[in-house]
Protein chains: 2
Amino acid sequence: MKIDDAAAHLEALGNPTRLKIYRALIRAGGAGLAVGRLQEKLKIAPSTLSHHIKALVVVGLVTQVRDATTLICHANYEVMRELVGFLVAECCTESAETKDTKTAA
Amino acid sequence: MKIDDAAAHLEALGNPTRLKIYRALIRAGGAGLAVGRLQEKLKIAPSTLSHHIKALVVVGLVTQVRDATTLICHANYEVMRELVGFLVAECCTESAETKDTKTAA
DNA sequence: TCTATATTTCGATAATTCTAGAAATATAGT
DNA sequence: ACTATATTTCTAGAATTATCGAAATATAGA
């Protein structure tokens, strides 16, 4: 992961509303959560919610699958693992140097 | 760590310039790096750099120690570890639930 | 096709952030 | 006190982001 990508992911998560959305999706597990369910939980305007979800989708932290009129959102664990991997490798220890930051699969 | 604190830390790191500042400080190790050295490395206006450093200091990710006319910046590993701990505990696995997210020391 | 539900897009405003030049401040040497 | 170096604060403009109501779109059932 390149540093600008990492910054983009961090920025996406660096908003209280978006972090709460993401955490709710994590807690929902593999079943995911419909946009409407998120809206009930977070109690923000649908348009505002849609705006924030899109920010998470654009960087790949969240994916969406349609089920009839409902859109189910899923947290993308793999992308989060890559981000955490980057932080641990590049930003946590003194030994951090320019190396490939790949996920330890 | 509370979710709003985590969001604040993520927001601080969620800017390419600030993430580069932070990474440079990590790479500098325990000796830290003077503001002026950061300015040479990143080649941005001093006032802009100061602005970004402050954003990192405010959330505790960076600390500063004065050495005569020079200000040495240090990455605060502990705060980063807490943040990563939060992400791993709350945002990485399906088992994430409402628990205390303390650093595993 | 008409209706209902779910969600997004549009449009507009308020608020925040980024950027950087100029001036101010801090520290120390002469 | 004067000078030099290092850094911050002030100020301001441009750009981006957050918010939300209203309208538009997507899907499916009657």
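Rounded to the nearest 20, the size of the Cβ-charge dipole of chain A about its Cα centre is 620 debye, with Lys and Arg at +1 and Asp and Glu at -1.
Using only Cα atoms, find the angle between the long axis of helix B:3-13 and the longest principal axis of chain B, and express it within 0 to 90 degrees, rounded to the nearest 10. So the inclination is approximately 30 degrees.
If you take every residue apart from B:LYS20 with its C-beta less than 14 Å away from the C-beta of B:LYS20, what net charge results, scoring Lys and Arg +1 and Asp and Glu -1? Residues close to B:LYS20 contribute a combined charge of +2. Give A:LYS54/B:LYS20; B:LYS2/B:LYS54; A:LYS20/B:LYS54; B:LYS20/B:LYS54; A:LYS20/A:LYS41 a once-over and call out the pairs whose C-alpha atoms are over 20 Å from each other. Checking Cα-Cα distances, A:LYS54/B:LYS20; B:LYS2/B:LYS54; A:LYS20/B:LYS54 exceed 20 Å.
Expressed as a whole percent, the proportion of Cα-Cα pairs in region A:3-76 lying more than 22 Å apart is 14%. Seen from A:LEU33, the other residues with C-beta closer than 9 Å to its C-beta sum to a net charge of +3, counting Lys and Arg as +1 and Asp and Glu as -1. Computed per residue of the protein assembly as shown from DSSP H runs no shorter than four, each worth -39500 (n - 2.57), the mean residue ellipticity at 222 nm is -17500 deg cm²/dmol.
A short reminder: the numbers here are calculations on the coordinates, not readings from a lab. Please read these numbers as outputs of a predicted model, since none were measured by experiment. Positions of Cβ are backbone-derived with ideal geometry, glycine not excepted, and every protein chain shown enters the neighbour counts.
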